[in-house]
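Structure, as C-alpha cells:
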Amino acid sequence: MFSAILAQTPDLQAGIKGSSALLLANCLGGVAAVAVYGLLIGFPEYLYFILIMLLVTLLFAQKIFSDSPTAALYSTAFTAVLLLVGSSIGEYTGDATANFLKRIVQIAIAALYIVTAFYTLNRLFIMLGYRKRPTPAATEANVVDDFSPA
C-alpha cells in the first residue's frame, strides 16, 4: 500500500520528498499513539478512552485545519494514531510500540524500494537515450567567474 502511495508521482525527487514526509508523519502519529496507549494501560476504562481520543482528535484537528503548510502531515499522523491505537487495544493484538515499529519498518522498506526503482529507471532512461543527462549545478567557482568584472 505504501509503495502505491509513493509511486503516484514517478519522479526521483518527489519520491524522496514523499517518503520522508510519510515517515515523519507516521513517526509523529506513532509517538502520539504510544502515548495514548500508555495512558489507556494505566487506567483501562471505556469513558477514559473516549475522553483521551476526544482530546487527541481535537488537538490534531486544530493542526489539520490550520493554514500551516504542515497540515497534511498532521492529517497523515492522525490516521496513524487511529490505526495504531485501534489495532493495539484488541485482546490478541500486541502493544502499540510493536505495531508502531512494524509500521515504520514497512514504510521505510517501501520508501527505499520506490526511491531505488525511480533512480534505476532514471539511469536506464539516460543510458538508452530517452532522457538527457542532467546538467551539473553551478559551483561557487562558476558563479564567481560570472560576476567578476571583465
*Out of all the residues in segment 67-82, which are closer than 13 Å to MET53 by Cβ and in contact (Cβ under 8 Å) with a residue 40 or more places away in the chain?*
PHE78, VAL81
*Determine, yes or no, whether ILE126 is surrounded by 10 or more Cβ atoms within 10 Å (Cβ to Cβ), at pLDDT 60 or above, on the phi < 0 side of the Ramachandran plot and over 28 Å from the mean Cα position of the chain (by Cα).*
yes
_Hits in segment 73-106 (condition: closer than 15 Å to GLY38 by Cα and either part of a helix (DSSP H, G or I) or at pLDDT 85 or above (or both))_ = VAL81, LEU82, LEU84, VAL85, GLY86, SER87, SER88, ALA96, THR97, ALA98, ASN99, PHE100
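The values are calculated or read from the model by the stated rules, or taken from the named source; none is laboratory data. Since we're looking at a predicted model, the values are computed, not measured. Because the Cβ atoms are built from the backbone with ideal geometry, glycine has one as well, and the counts that use them run over all protein chains shown.
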